[in-house]
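A.B. asks: Following this message is one structure expressed as structure tokens.
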Amino acid sequence: MAFTFKNAREIYTSERRQFILDILKRTFDELDPSRVMASAVEDLDISKYSRIFVMGFGKASYEMYAGIRDHVKSKLAYAGIIVPVDQDVQGFPELEVLRGTHPYTSNMSVSSSRVLLSKIKPGPDDLVIVLISGGGSSLFEIPEDGITIEQISEISKRMMQASADIYELNTIRSCLSSVKGGKLAKFLYPASIAAYIISDVPGDDVSIIASGPLSENKLDPVSVYQKFKDVIGLNIDRFLKTSMIEDEYFRKIQTKIVLSNRDFVRKIEAYVGEPIVSIGSGISGDVDHVSDSIIAIAEAISKIKGKSFWMVMGGETTVNVRGKGIGGRNLEISLLFLKKCTFSDFLFISIGTDGIDGVSPAAGGIVDSSLKKRISEDEIDEALKNNDSYTLLSKYGSAIMTGRTGNNVSDLMIAYVSI
């Protein structure tokens with residue numbers, strides 16, 4: 001899937017914006033999942049297996065399959081993926097494309113998940129290739145007995161709105177699911193399993209990415225539940241006391257993370273060149289606090305460098321939703337940076353690599369010192385109060401529109417400040 005800025009005319013309003021947006025496009029093109037996957041399976045010896053089954057779920061699963069198709073086609077018994085209902089894919093004759101919903105799961109996701117599993121009946125001499133990427137938690141789901149998909153969806157929604165981070169959210173999700181927290185391994189046993197993962201989780205914990213279908217969760221679900229008990233509003237104690245899955249089911253699983261936020265941050269750092277400072281890929285926390293931290297870091301670095309410089313970082317922030325506006329964490333942190341930044345000359349971008357930020361149609365936002373001269377403090381405050389960052393930034397041509405990218409390594413943030 002080609003990465004494009006659909007509203008390039010609106011956002012390419014200065015040489016600096018053009019410089020960094022061109023670098024973003026180049027980075028997305030270079031790190032396209034199909035390219036990455038073609039390289040990742042070069043050392044996979046398919047001659048050892050009688051048949052190959054491919055199953056995928058997540059926002060990047062179609063591009064991931066495109067990358068491995070030529071390598072596995074000669075022994076392919078079945079290939080099926082679950083992608084968001086609004087994601088356009090061209091398709092391949094042998095690939096079954098199923099649909100699910102994101103960010104909240106639904107009966108559509110359950111139906112597609114049941115179909116996918118019904119087509120995969122491997123034996124001990126077969127290989128199952130599992131393509132996992134962000135969004136898999138909601139797209140691939142079959143609830144445990146005793147809880148409904150509507151309840152799981154509502155719990156996810158409430159936890160997201162209460163600023164639960166991805167570790168907390170997916171720890172609870174894995175307990176409520178019959179195919180997460182390592183439970184998928186039991187469905188696929190006794191086949192060999194090769195799992196290829198595009199990580200959208202800070203720290204790249206495979207037990208958290210897509211709620212860990214092939215890996216048991218390492219966090220304590222009881223402590224997470226206690227923290228969000230009032231928010232969840234449902235007694236789920238019985239689902240938290242899950243028994244350990246026997247090691248036997250994991251012995252033939254090989255897992256490889258093929259792409260992560262760190263790869264994007266490093267690529268952008270290399271393309272921008274000096275002077276640039278990388279803050280890494282561990283950015284997390286509420287957008288209000290994170291925006292304060294980024295500005296404080298920029299101020300500290302400026303005192304040392306004494307000249308203009310770029311900063312690049314990645315991770316995943318959270319938003320405490322109070323209003324009923326249209327926005328997302330990337331748009332909101334962009335607006336917060338615009339409000340708080342005191343540098344006379346600056347630029348800031350925050351973008352979700354999947355192309356969809358929160359409940360908005362935008363990927364994120366781009367703001368700079370020129371915009372700050374045109375937008376009022378009252379407008380910013382009102383938008384932040386109502387979590388309506390998309391409406392305001394789109395009004396001023398500063399919402400980045402890409403559509404779904406077919407990738408997902410969480411969020412990227414880039415800043416420029418001049419002394």
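A.B. asks: Would the chain count as rounded, prolate or oblate if I go by the C-alpha gyration tensor, calling it rounded below 1.5 in a/c and otherwise prolate when a/b exceeds b/c, oblate otherwise?
C.D. replies: On the way: a/c = 2.04, a/b = 1.51, b/c = 1.35.
Cα axes put the chain in the prolate bin.
A.B. asks: Something else now. What's the FRET efficiency of Arg99 with Leu234 using the Cβ-Cβ distance as r and R₀ = 35 Å, to the nearest 0.05?
C.D. replies: Working: r = 27 Å, r/R0 = 0.78.
According to the calculation, E is roughly 0.80.
A.B. asks: Just going by the charge dipole of the range 33-259, with Lys and Arg at +1 and Asp and Glu at -1 on Cβ, which of Phe239, Met55, Ser156 is farthest out on the positive end?
C.D. replies: Met55
A.B. asks: Amide H neighbours of Asp286 under 5 Å, at least 5 residues apart or on other chains, H built in the peptide plane: list them.
C.D. replies: Under 5 Å from the amide H of Asp286 lie the amide H atoms of Thr318, each far enough along the sequence or on another chain.
A.B. asks: Sticking with this structure for a sec: Give the angle, between 0 and 90 degrees and rounded to the nearest 10, that separates the Cα long axis of helix 107-118 from the longest principal axis of the Cα atoms of the chain.
C.D. replies: 40 degrees
A.B. asks: Output the relative contact order of the range 33-259, whole-number percent, from Cα pairs under 8 angstrom with separation of 6+ residues.
C.D. replies: 20 percent
A.B. asks: With labels modelled as points extended 7 Å from the Cα through the Cβ direction, what inter-label distance (nm, one decimal) is found for Ala2 paired with Ala296?
C.D. replies: 4.5 nm
A.B. asks: Which ³J(HN,Hα) values in Hz, rounded to whole numbers, follow from the phi angles of the range 35-44 under the Karplus curve 6.51 cos²θ - 1.76 cosθ + 1.60, where θ = phi - 60° and Gly and Pro get x?
C.D. replies: My calculation for the range 35-44 gives 5, 4, 5, 4, 6, 5, 9, 4, 9, 7 Hz in order.
A.B. asks: Can I ask one more? For Glu274 and Phe19 in one chain, what is 0.36 nm times their gap in residues minus the Cα-Cα distance, to one decimal in nm?
C.D. replies: 90.4 nm
A.B. asks: State whether the range 33-259 is rounded, prolate or oblate according to the following rule on the C-alpha gyration tensor (a ≥ b ≥ c being the square roots of its eigenvalues): a/c under 1.5 gives rounded; otherwise a/b larger than b/c gives prolate, and the remaining case gives oblate.
C.D. replies: Verdict is prolate for the range 33-259.
A.B. asks: I'd like the orientation of helix 329-340 relative to the chain: the angle between its Cα long axis and the longest Cα principal axis, in ° from 0 to 90, rounded to 10.
C.D. replies: That works out to roughly 20 degrees.
A.B. asks: Can you tell me the orientation of helix 287-305 relative to the chain, as the angle in degrees between its alpha-carbon axis and the longest Cα principal axis, to the nearest 10?
C.D. replies: Taking Cα atoms only, the helix is inclined about 60 degrees.
A.B. asks: Antiparallel as a % of all DSSP beta bridges within the range 33-259, to the nearest 5? List each step's numbers first, then the result.
C.D. replies: Numbers: 1 of 31 bridges.
Given both bridge residues lie in the range 33-259, the antiparallel proportion sits at roughly 5 percent.
A.B. asks: Moving on to the next point. Tabulate in residue order the Karplus-calculated ³J(HN,Hα) for the range 58-64, using 6.51 cos²θ - 1.76 cosθ + 1.60 with θ = phi - 60°, rounded to whole Hz; enter x for Gly and Pro.
C.D. replies: Here the 3J(HN,Hα) series is x, 5, 9, 5, 5, 5, 4 Hz.
A.B. asks: Per DSSP H run of at least 4 residues, take -39500 (n - 2.57); add these up for the chain, divide by its residues and hand me the 222 nm value, nearest 500 deg cm²/dmol. Intermediate results must be reported in sequence, preceding the final value.
C.D. replies: Working: 17 runs with 166 residues, N = 419.
Helix-only estimate at 222 nm: -11500 deg cm²/dmol.
A.B. asks: Okay, moving on. Check which residues have an amide H placed less than 5 Å from Ser360's amide H, if you skip close sequence neighbours.
C.D. replies: Hits under the 5 Å cutoff: Gly327.
A.B. asks: Right, another one. Given a 10 angstrom Cα cut-off, can you work out which residue in Ile253, Ile147, Ile283 is the most mobile in a GNM of the chain?
C.D. replies: Among Ile253, Ile147, Ile283, the largest mean-square fluctuation in the Gaussian network model of the chain belongs to Ile147.
A.B. asks: Taking θ as phi - 60°, what are the ³J(HN,Hα) couplings along the range 202-218 by the Karplus curve (6.51, -1.76, 1.60), each to the nearest whole Hz, with x for Gly and Pro?
C.D. replies: Here the 3J(HN,Hα) series is x, x, 6, 7, 5, 7, 10, 4, 6, 6, x, x, 10, 8, 5, 5, 8 Hz.
A.B. asks: So, one more: Between Lys186 and Glu154, what is the FRET efficiency for a Förster distance of 30 Å, r being their Cβ-Cβ separation, to the nearest 0.05?
C.D. replies: Values: r = 27 Å, r/R0 = 0.90.
With a Förster radius of 30 Å, E is 0.65.
A.B. asks: What full-extension length gain, to one decimal in nm, is calculated for Val222 and Lys48 as 0.36 nm per residue of separation minus the Cα-Cα distance?
C.D. replies: Full extension of this stretch gives 58.4 nm more.
A.B. asks: Let me ask another. Sort the range 222-299 into rounded, prolate or oblate with this rule: let a ≥ b ≥ c be the square roots of the eigenvalues of the Cα gyration tensor; rounded if a/c is under 1.5, and if a/c is not under 1.5, prolate when a/b is larger than b/c, oblate otherwise.
C.D. replies: Numbers: a/c = 5.03, a/b = 1.47, b/c = 3.43.
Oblate, since a/c reaches 1.5 and b/c is not below a/b.
Just so you know, all these numbers are worked out from the coordinates, no wet-lab data involved. As the structure is a prediction and not an experimental result, all values here were calculated from the model. Because the Cβ atoms are built from the backbone with ideal geometry, glycine has one as well, and the counts that use them run over all protein chains shown.
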